[in-house]
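Below is one structure, written out as structure tokens, with a few remarks after it.
The values are calculated or read from the model by the stated rules, or taken from the named source; none is laboratory data. Only a predicted model underlies this, so the values are computations on that prediction, with no experimental measurement involved. Here the Cβ is made from the backbone with ideal geometry for all residues, glycine too, and neighbour counts use every protein chain on show.
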Amino acid sequence: MGILEDFRKMLADIPLWKELGTAPERIKALEEKVAALEQLTGGKRPGDSCPYCGAASFRLDHVDMHGQREVWKCTDVACGKSKETRHDLMNKPRGKAGTFGR
Ligand SMILES: [Zn+2]
């Protein structure tokens, strides 16, 4: 019994061993938090941050022009703003931007 008792005392002095003892409780608490968050988002990933109102509800609405134009909309009822991104006009030298800008 003396050797086992010494071994238990030695384990109790190791910080990681103490932490392992609290792991099941902490894992259960985290599982409950994840379940609550999943319920809040309806199982969907939150949208990007809206550049207008800051809500995590900025989502891709549609893509057209063979993927060259994207329209993003804020699904927050109070905001509802949208943003258009034109990939065909990006990264081109000035003066060669087509019908936009000039
Ligand atoms: Zn917004």
Response to the item:
Residue count, the stretch 27-65, condition near the ligand (Cβ under 10 Å from one of its atoms), among the hydrophobic types (A, V, I, L, M, F, W, C) and within 15 Å of the chain's Cα centre (by Cα), comes to 4
Worksheet item: If we keep just the residues of the stretch 66-77 that are near the ligand (Cβ under 10 Å from one of its atoms) and modelled with pLDDT under 95, which is farthest from MET90 (Cα to Cα)?
Response: VAL77
